[in-house]
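Let me begin by presenting the structure, written as structure tokens, before commenting on it.
What follows draws every value from the coordinates through simple rules; no lab data is involved. Fair warning: this is a prediction, and the values are worked out from it, not measured in the lab. Here Cβ is always computed from backbone atoms with ideal geometry, including for glycine, and neighbour counts include all displayed protein chains.
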Amino acid sequence: MKRRRAAGLITATLAVTGAVWAWWLIDPTAPRGPALPTTLSAVLAANVALTLGSVRLKRAVVTPVQRYLINPPIRLLLRLGVMPLGYALLETRGRVTGLPRTTPVGNGLHGGTFWVIAEHGLQAGYVRNIQRCPQVRLKLRRGWRFVWVTGTAHLLPDDDPYARQRRLSRWHPLRAMNLAVVRIMGTNLLTIRIDLHAGEPQNTPPEDSGRPADRRSAATSRS
């Protein structure tokens, strides 16, 4: 798995680096001088070295970035009723408090199954919540509407998350982009399969969504 992790990380890094340089070369509105793409390339290269050198240190660096820089704007859009393309909202129950915890995830809907690739495996708070209570809810885009659907989550440690990502992202540009981000930010990928329950989707928000504590991400709050 370490070899697959290294290969997946390097592949995603090269893809993102290439995209950054292509944008800089093609877009006439891009900043003059190669400072920006060079800096981003250096950061991505340092991320590869950090990931291969120490997974624990990588997790310690990435977690605050996700907590304070990446998740807040996505969470704000979700609170405003704007679902960013390629995302869904996963609701779990806190393993200690029993309160709803919401986490933005890539949209892995495929038929009656929803797939999640957890970036930090069993170290992720929402994954540990699922271990305690596998009953979850998902907020999905259905046409122009947003609906809540229920499901039962299953952790699949024997599944190959890299092969799963390739199957899910085939012919889906937004999923391919999410694939790259997960591989670059992740440390120990884990596949989660959510079997959606049959029946009409729920259009009502979570029961306790009005409480401030309930709206915090599992990665940023006590669970």
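Structure notes:
- Kirkwood-Stokes translational diffusion coefficient of the chain, alpha-carbon pairs, 37 °C, 0.692 mPa s, µm²/s: 178
- By other beta-carbon atoms within 10 Å, ranking K58, K2 with the fewest at the front produces K2, K58.
- Förster radius 25 Å - calculated FRET efficiency between T11 and L156, Cβ distance, rounded to 0.05: 0.70
- Value of relative contact order over the chain, rounded to a whole percent, pairs C-alpha under 8 Å and six or more apart: 25
- V181/W148 FRET efficiency (R0 22 Å; Cβ-Cβ; nearest 0.05): 0.35
- Counted as membrane-span-like here are DSSP H helices of the chain whose alpha-carbon atoms extend 24 Å or more along the helix's own axis and whose Kyte-Doolittle mean is 0.5 or above; these are 2-26, 35-53.
- Gain on full stretching of the segment that runs from K2 to W171 - 0.36 nm per residue minus C-alpha separation: 58.1 nm
- Packing-based exposure ordering (other Cβ within 10 Å, fewest first) of H154, H120: H154, H120
- Taking the number of Cβ atoms within 10 Å of each Cβ as an exposure proxy, the fewest-first ranking of I192, I26, I70 is I26, I70, I192.
- By the compact-protein rule of thumb, 2.2 N^0.38 Å, the alpha-carbon radius of gyration of the stretch 1-128 corresponds to a ratio of 1.25.
- Two-decimal log10 I(q)/I(0) for the stretch 1-53, as the Debye equation yields it once each C-alpha is a single scatterer, q = 0.18, 0.30 Å⁻¹: -0.61, -1.13
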